[in-house]
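To start, the structure under review is shown below, and the notes come after it.
Computed from the coordinates by the stated procedures, all read-outs in this text should not be read as laboratory data. Computed from a predicted structure; not experimentally measured. Backbone-built Cβ (ideal geometry, glycine too); neighbour counts: all protein chains shown.
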Amino acid sequence: MKLRHLATVVILVLILTTVAAHSQTQGNVGLYFNPIATRVSNSIVDNSSFSFLGQNSTSNVFYGYDFGGFYDVYHSGKFAVGLGLRYSDEHADNALLRNLLFGVRFSAAPFTRPIKPYIEASFGKGTSKGQVSTVHVGKVDYAINGGMDWTVAKHVDFRMFEIGYCSLTTASSATVGAGGNIAIPASTLINFSSGLVFRF
């Protein structure tokens, strides 16, 4: 499993650096590697050994890193439309949460100061593993992330904040086919991140 995790990161790095190298004449590329915290919650308690949030628990906070980039393919005045690719890896109490997402990004520079708000709508694959179980569950998920970047140098932005919403069906007795008689709904993921963005 660790080899597959490393391969995902390596492929993402290759894609983003290739786009960055090509962008000298084609557009604007940003790359980031930032800490992330995500509050995962569910309305139903899963007391099975496959429980993602733990027995008798309906929420937990996961911590890890968020790695990705974006490529602005269209500019019109102070507005831009681009593509985004991101990967996150987070953990809490031996439980695991990973997301690989691809989406469309809208950004703007409407203020006199170098503040640039953005929003990104993505979909992809989310993988989760419970605190006790070794079974990994992969499901299709979607996310909406928005934030604000502040230009501090020619090629560096400070990501003042990024807040996101994601919905993912996480590991449970129902999703691993262990005969769970409770239908566990998709978990709600609210994430927060901040850090640096490098532009090329």
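Under 18 Å between alpha carbons, and skipping anything fewer than 8 positions from LYS125 in its own chain: which aspartates and glutamates qualify? Counting by Cα, and skipping residues close in sequence, LYS125 has these aspartates and glutamates nearby: ASP66, ASP89, GLU90, ASP141. Taking 7 Å steps out from each Cα toward its Cβ at ILE190 and VAL81 produces label points 3.1 nm apart. So which lysines pass the test for LYS154, namely a Cα distance under 23 Å, with those fewer than 8 places away in the same chain ruled out? Reachable lysines: LYS78, LYS116.
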